[in-house]
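Taking it in order: structure first as structure tokens, then the write-up.
What follows draws every value from the coordinates through simple rules; no lab data is involved. From a predicted model like this one, the values you see are computed outputs, not experimental measurements. Note: ideal-geometry Cβ built from the backbone for every residue, glycine included; neighbour counts use all protein chains shown.
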DNA sequence: ATTGTATGATTGTCCGACAATTGTTAAGAC
DNA sequence: GTCTTAACAATTGTCGGACAATCATACAAT
């Protein structure tokens, strides 16, 4: 006699969330479209409004629905890259990823991203890159701003690839880089200068559509981060956060 | 008299979710620990149980809490990689990513992952890789199984890197690869043979801890996918899903 | 040691209610 | 006719209470 597989019993709120999710993912409900009122959804699905509301909270946190600012009704939306990446970062942080793991990912992924950006960028992308670099170079005191401008530089590079997969996969790495960068940038005196110099070389290569040079300088840039961690006495095997 | 800045008032259910999230991320609540009962949470936070429940649905969908199978109380948990990746894949699909974008990411990311796996794998990792390859090679008919075994092969490779960042960032790519693979594998007669051959070479190189060869064969493997798409008449610029 | 029974705790779902805010419509002003 | 304003309806956020089903636990029976 074969064993019984456990029955997949889902509570009503989960089933409600599932059917609405399906409608959104299959594009039956399009972005910007307003959802029916909660009472109407409850009537159609034959459940209580409380149950509908629990389901809506799930969709809301998945980024599949949102409230337009200053509005009451929920509208269908596409998950924002920043928030998806935040969830990924949080998951990785809770799984005790180490500085070394993040750095290794950066080492592998950033050079091709820089190369792709060099090949695919537009004038506007380049301008954003230059702006980010200038903001970083112009800020010699505040740690927090320097960190944020560094992140913005990487982010601009990701956007310049015009590849959503690259950009979205890239974003959690940036977010995970920030804490170690924050811990390092004041401990290592030459850090700002080296970051600024690398940014300038990379920007120049991107502007010249020189993918190989952009990639090479990015590789050096990432190596520098590791050197900086070691100079700052950060334990590379320690978890982030 | 200065103007009043608009107060950032969030609904109660969001604030409740925020404070519990904070407790979990700061490790004040540890994994496996049981949350207080809903009524108790409602009492402590001074809100209604319905409000607490809406907040719990958010945490549940974020993977921060879960119900142990066959249990009632919710326990603190760490987001599962598979589910985080599923959210990323869904977000990318809703943002109309194209085959080409996914392929380009694979092209950049898979070779270093293969190289890292070659350097970092254990005996168990290699066994999983071999198993996945054998399952693929032994399945000559069912499309669905072939697709799943291909995905499992990539997944095993990601696990063999022993780098959570690489593995988690890798997973959405695998999930996004599946539909196009499913569409291609039956259209292109030689696809199975070429995938199988590449897997064998890669497995061999990983087993020999030969990172360069593993990377090179993976690069060829990924190029083959693109060739397969073109042979199958898939429009590379068309969105996935 | 396993099976059955009793009891309390907890969740899933429902119902109804109400204040606050938003959306809509009708009346009035120019 | 168009714009403003006032009244009204619709919708959400939150609350309180209710109840059945299920889970946890302790205890008795075989």
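Rounded to the nearest 10 degrees, the angle from helix B:99-120 to the longest Cα principal axis of chain B is 80 degrees.
Which FRET efficiency value, to the nearest 0.05, do you get for residue A:190 and residue A:100 by plugging their Cβ-Cβ distance into 1/(1 + (r/R0)^6) with R0 = 22 Å? Provide the component values of the computation, followed by the final result.
On the way: r = 22 Å, r/R0 = 1.00.
Taking R0 as 22 Å, the efficiency between residue A:190 and residue A:100 is 0.50.
For the peptide A:24-31, the mean number of other protein chain Cβ atoms found within 10 angstrom of a residue's Cβ is 1. At each listed q (0.14 Å⁻¹), what is the log10 of I(q)/I(0) that the Debye formula gives for segment B:60-195 modelled as equal alpha-carbon point scatterers? Log-scaled intensity ratios, in q order: -0.75. Helix B:164-185 and the longest principal axis of the C-alpha atoms of chain B enclose an angle of approximately 60°.
Divide, for the protein assembly as shown, the radius of gyration over alpha carbons by 2.2 N^0.38 Å, where N is the residue count. Please report the intermediate quantities before stating the final value.
Numbers: Rg = 23.8 Å, N = 482, 2.2 N^0.38 = 23.0 Å.
After normalising by residue count via 2.2 N^0.38 Å, the value is 1.04.
Legend: mean number of C-beta atoms from other chains within 10 angstrom of residue C-beta atoms, peptide A:51-57, equals 5. Comparing A:165, A:188, A:130 in a Gaussian network model of chain A where C-alpha atoms under 10 Å apart are linked, the largest mean-square fluctuation is found at A:165.
The fraction of Cα-Cα pairs per 5 angstrom bin, counted from 0 for segment A:12-76, comes to 4, 19, 31, 29, 14, 3, 0 percent, rounded to whole percents.
I'd like the distance between the alpha-carbon centres of segment A:221-241 and segment B:58-80, rounded to an integer number of Å. Result: 33 Å between the Cα centres.
Quick check: from the Cα gyration tensor, does chain A come out rounded (a/c under 1.5), prolate or oblate?
Values: a/c = 2.46, a/b = 1.92, b/c = 1.28.
Prolate is the answer for chain A, as a/c is 1.5 or above and a/b outweighs b/c.
Here residue B:209 and residue A:124 are evaluated by their C-beta separation; at R0 = 60 Å the FRET efficiency comes out at 0.85.
If r is the Cβ-Cβ distance from residue B:223 to residue B:50 and R0 is 60 Å, what FRET efficiency results, to the nearest 0.05? If you can, show how the numbers build up before the last one.
Details: r = 55 Å, r/R0 = 0.92.
Efficiency, from the Cβ-Cβ distance: 0.60.
Normalised by the number of residues in chain A, what is the relative contact order in percent for Cα pairs under 8 Å and 6+ residues apart? Please list the in-between numbers first.
Numbers: 293 pairs, mean separation 52.6, N = 241.
RCO, chain A: 22 percent.
Computed from Cα positions, the angle between helix A:143-160 and the longest principal axis of chain A comes to roughly 70 degrees. Spin-label pair residue A:71-residue A:162: with each label point 7 Å from Cα along the Cα-Cβ axis, the two points sit 3.0 nm from one another. Spacing of the modelled spin labels on residue B:134 and residue A:83, each 7 Å from Cα toward Cβ, amounts to 4.6 nm. Pick out which of B:100, B:173, B:35 has the largest mean-square fluctuation in a Gaussian network model of chain B, springs linking Cα atoms closer than 10 Å. In the Gaussian network model the winner is B:35.
Among A:89, A:77, A:26, the largest mean-square fluctuation in a Gaussian network model of chain A (Cα springs under 10 Å) belongs to A:26.
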